[in-house]
Amino acid sequence: MPNTSATLLLDHTVLTTIVDDLATRGWSQHDLFIAQGLTRDLAAECQQRAADGRLAPAAVGRGASAQVREGVRGDSIQWLEAGESAATDAYLAMMDQLRQGLNQALYLGLDDYESHFALYPPGAFYQRHVDRFRDDDRRTVSAVLYLNEGWLPEQGGALRIYPEDKAHDVAPVGGRLVIFMSGELPHEVLPATRERLSLTGWFRRRQA
Ligand code: OGA
Ligand code: MN
């Protein structure tokens, strides 16, 4: 039965562009993916969590082999859970619509979404990597939403992606979403001269 009570949060033309881009080149970028007010609320929430000491240095790898290695990645993170705030719930609802849209168009079988706030202090970076773990291939589509108001190109902090043709830099401008196939696209985060905030997540398949 269709869920008629769900508010339509995700614009259909945005979904179509994401689907076409993922199918043809494996990545897509959207400015103003969410309303500016929501970007601001999410940024404020990320800053408040940092001020409250709720962000922790991110690990590399998963499970028993997870390790904090600042020479590989220097961000601090906190995983999102449902019901924490109106802003995070609005974003989670939107990502669930995106998950369903991707499944309908691309038959990806995505059945879950995990995400975390991330804060890179000035100078922090994340070395070139692919998001899918060696021992766990559930991560299928990666989505990064940037939360930085008034970001200037000279402040650095680009997401550098390596599609087959050539490297491409995406500045972490507030409200911008970058989405890509987790197992295919190598990428890195370059150091910035100011704090860099994002909300990063992964659509996952059921474990095979
Ligand atoms: C990650 C990542 C990219 C970014 O968290 O795995 O690559 O631009 N983030 O923050
Ligand atoms: Mn990554």
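The values are calculated or read from the model by the stated rules, or taken from the named source; none is laboratory data. This one's a predicted model, so the numbers in the text were calculated from it and none came from an experiment. Cβ atoms come from the backbone with ideal geometry, glycine included; neighbour counts cover every protein chain shown.
Residues in the range 45-89 that are of a type in the set (Asp, Glu) and either within 17 Å of Tyr126 (Cβ to Cβ) or within 16 Å of ligand 2 (Cβ to nearest atom) (or both): Glu70, Asp75.
Within the range 171-204, if we keep just the residues that are in contact with a Pro (Cβ under 9 Å, 6 or more places away or on another chain) and among the polar types (S, T, N, Q), the residue that is farthest from ligand 1 (Cβ to nearest atom) turns out to be Thr193.
Based on this model, can you work out whether Arg40 counts as under 20 Å from Ala124 (Cβ atoms), part of a helix (DSSP H, G or I) and at pLDDT 95 or above? For Arg40, the condition - under 20 Å from Ala124 (Cβ atoms), part of a helix (DSSP H, G or I) and at pLDDT 95 or above - is not met. Filtered by the rule that a residue be more than 19 Å from Gln97 (Cβ to Cβ) and either surrounded by 13 or more Cβ atoms within 10 Å (Cβ to Cβ) or touching a Phe, Trp or Tyr at 6+ places or on another chain (Cβ under 9 Å) (or both), the range 30-43 gives Arg40, Ala43. For the range 95-173, the strands (runs of 3 or more DSSP E) that sit wholly inside it and include 1 or more residues that are hydrophobic (A, V, I, L, M, F, W, C) and modelled with pLDDT of 95 or more are 110-120, 139-146, 159-161, 168-170.
With respect to (1) touching a residue at least 24 places away in the same chain (Cβ under 8 Å); (2) within 13 Å of ligand 1 (Cβ to nearest atom), the lone exception for His168 is condition (1). With respect to the conditions (1) buried (at least 16 other Cβ atoms within 10 Å of the Cβ); (2) more than 14 Å from the chain's Cα centre (by Cα); (3) within 11 Å of ligand 2 (Cβ to nearest atom), Pro186 falls short on a single one, namely (1). Has the range 135-142 got at least one residue that is of a type in the set (A, V, I, L, M, F, W, C), within 24 Å of Arg196 (Cα to Cα) and touching a helix residue (DSSP H, G or I) at 6+ places or on another chain (Cβ under 9 Å)? Yes; the residues of the range 135-142 include at least one that is of a type in the set (A, V, I, L, M, F, W, C), within 24 Å of Arg196 (Cα to Cα) and touching a helix residue (DSSP H, G or I) at 6+ places or on another chain (Cβ under 9 Å). Applying the condition of being within 12 Å of ligand 1 (Cβ to nearest atom) and of a type in the set (S, T, N, Q) to the range 89-132 and asking which residue is nearest to Gly53 (Cα to Cα) yields Ser115. Restricting the first member to the range 16-43 and to residues that are within 17 Å of Gly183 (Cβ to Cβ), and the second to residues that are assigned to a loop (DSSP other than H, G, I, E, B), the beta-carbon pairs closer than 8 Å and six or more apart or on different chains are Arg25/Pro163; Gly26/Pro163; Gly26/Glu184; Gly26/Leu185; Trp27/Pro163; Trp27/Leu185. Which members of the range 71-94 meet the condition of being hydroxyl-bearing (Ser, Thr, Tyr) and either in contact with a helix residue (DSSP H, G or I) (Cβ under 6 Å, 6 or more places away or on another chain) or not in a strand (DSSP E or B) (or both)? The answer is Ser85, Thr88, Tyr91.
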